[in-house]
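The values are calculated or read from the model by the stated rules, or taken from the named source; none is laboratory data. Since this is a predicted model, take the numbers as computed values, not measurements. As a convention, Cβ positions derive from the backbone with ideal geometry for all residues, glycine included, and neighbour counts pool all protein chains shown.
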Amino acid sequence: MNSEYYDDIIIGGGKAGKTLAPALVADGRKTALVECSLTMIGGGCINVACIPTKTMVASAHVANAVRNSATYGVKTDALTVTLVAVIQRKRTVVQSMRDMNLHNLETALGHNLIIGTGQFIAPKTIEVTTAEGKTRHLTAERFFINTGTRPSIPSVPGLKEVGFLTSESIMELEHLPEHLIVLGSGYIGLEFAQMFRRFGSRITVIGQGEQILSQQDPDIAIAVQALLERDGIEFLLKAKVLRVVREASPLENRAGNATELQIQVADQKITLQGSHLLVAVGRVPTTETLNLAAAGVAIDAYGFIPVNDRLETNIPGIWALGDINGGPQYTHVSLDDYRIVKANLIDGGNRSTRDRLIPSCLFIDPELAHVGLTETEAWQQGYAYRVAKLDASAIPRARTLGQTDGLLKAIVDTETGKILGCSLLCHEAGEVISTVQMIMQAKMPYTVLRDGVLTHPTMTEGLNLLFSKL
């Protein structure tokens, strides 16, 4: 079969890949982007992760506001959540962004946007099986792998036979679960737990560790759990699922998978029954279909592609971008991966991943945002530090909004006064954390936030109060 030659080939059009492609074309490079499906144009963020989940989180937020409207002196009729309408709104938002990305890619690439599944058959050659069932061989000087991740499915006896929901399939569920069991107490599991609780489901979260959010300090994790419990969410921690068994499911509950879980909790074995089971224990890399061995590209024990600080794999001329390289699985990290590659290959720069300051946000209500070190990490790294804490209820804006739940916490280097890390569990934390991040990136002392003239009343003003605790 004759090969088609390109200067650059991008496999997977996530945030890094879809942004890099037009930049390479503008640089005069003949570039192809191979994406597995039209329904994945724009990558996982737009289609199955950030955008659809946050769209549904917004619906859950409105439901909660209506439910509690009398607190604000506003009387409403009885709340009705129509899950079909929630899902349709989510589909509309996703489709509009997918269409926009498709237009941008087609404008930049034309027929070199190839819908199909690619795998390496030689170090610089891939075989693509297109959506029409045809086979094409593509060769290139440089490759950029950006195929992302998919939900991780644990090896629990009976799980695959019973059937279950993932973070992707649950967003197509048009029947409200009566009792949703969430296996996993990390970011994904907690967002869906609160979302469906506010839609009206009973929720039980099962976590294997001693606390939820294992990467957070215990005081922050405890505060998050307490506010979710006030929402009516039940938790089983230090729990291991031994087996999953199918129960008889009513005909009208076709979308359900009525399950019984046999669980070990400490020295007890208990049985938990639910109408639906969501498996949310993390994500694994999509590398198994790439036949990376044919290109000599190494993977680690978990299937991720190790890279250096310039995002280069062990094979010259092949880069791995976004979730697939084992870094933090955030869209904003994938975007910065693009910036690094563009700077080094197009702009004549010298950027790397060294010392990247990466924020995160858990989109529950109130949000949990974090940047830098936790207190545990600061202690482990031997810093001399001070801790500032503030209840969210101390912030005037929080009181006006009736959003007083939460805890703000900052870690400051005793010697330099620089902020080592910050966790904000409060209303609009995802926005406020950016102010802290900018001060950290500028290597300014915490006193800039303590003494800065910040607008009153805003949630950001809470930073004045937080750092005054020092």
Original post:
Of L159, L180, which residue is of a type in the set (A, V, I, L, M) and either touching a Gly at 6+ places or on another chain (Cβ under 9 Å) or crowded, with 21+ Cβ neighbours inside 10 Å (or both)?
Top reply: L180
Original post:
Just checking, which of K409, K389 is closer than 28 Å to A193 by Cα and crowded, with 22+ Cβ neighbours inside 10 Å?
Top reply: K409
Original post:
Does region 304-327 contain any residue that is under 29 Å from M56 (Cα atoms) and surrounded by fewer than 21 Cβ atoms within 10 Å (Cβ to Cβ)?
Top reply: yes
Subject >> Among (1) in contact with a Phe, Trp or Tyr (Cβ under 7 Å, 6 or more places away or on another chain); (2) in a loop (DSSP other than H, G, I, E, B), the one test that I299 misses >> reply: (1)
**OP:** Within region 204-247, work out how many residues are under 22 Å from the mean Cα position of the chain (by Cα), in a loop (DSSP other than H, G, I, E, B) and within 26 Å of S59 (Cβ to Cβ).
**Re:** 4
Original post:
Residues in region 347-361: is at least one surrounded by 16 or more Cβ atoms within 10 Å (Cβ to Cβ), at pLDDT 95 or above and either of a type in the set (A, V, I, L, M) or closer than 13 Å to G17 by Cα (or both)?
Top reply: no
**OP:** Test each condition in (1) within 23 Å of L173 (Cα to Cα); (2) touching a Lys or Arg at 6+ places or on another chain (Cβ under 8 Å) for G209 and report the one that comes out false.
**Re:** (1)
Original post:
Only one of D300, D323, D347, D355 is in contact (Cβ under 8 Å) with a residue 24 or more places away in the chain and more than 20 Å from the chain's Cα centre (by Cα); which?
Top reply: D300
**OP:** Provide a single number: the residues in region 328-343 that are in contact with a Lys or Arg (Cβ under 6 Å, 6 or more places away or on another chain), surrounded by fewer than 21 Cβ atoms within 10 Å (Cβ to Cβ) and not aliphatic (A, V, I, L, M).
**Re:** 1
Original post:
Residues that are within 18 Å of I364 (Cβ to Cβ) and aliphatic (A, V, I, L, M): which strands (runs of 3 or more DSSP E) entirely in region 383-470 hold 1 or more of them?
Top reply: 407-413, 419-426
Original post:
Which fully enclosed strands (runs of 3 or more DSSP E) of region 126-203 have 3 or more residues being closer than 21 Å to G14 by Cα, not assigned by TED's automatic domain parsing to the domain that holds V245 and not basic (K, R)?
Top reply: 135-145
Original post:
Can you tell me which residues in region 115-125 are in a strand (DSSP E or B) and surrounded by fewer than 21 Cβ atoms within 10 Å (Cβ to Cβ)?
Top reply: I115, G116, T117, Q119, I121, A122, T125
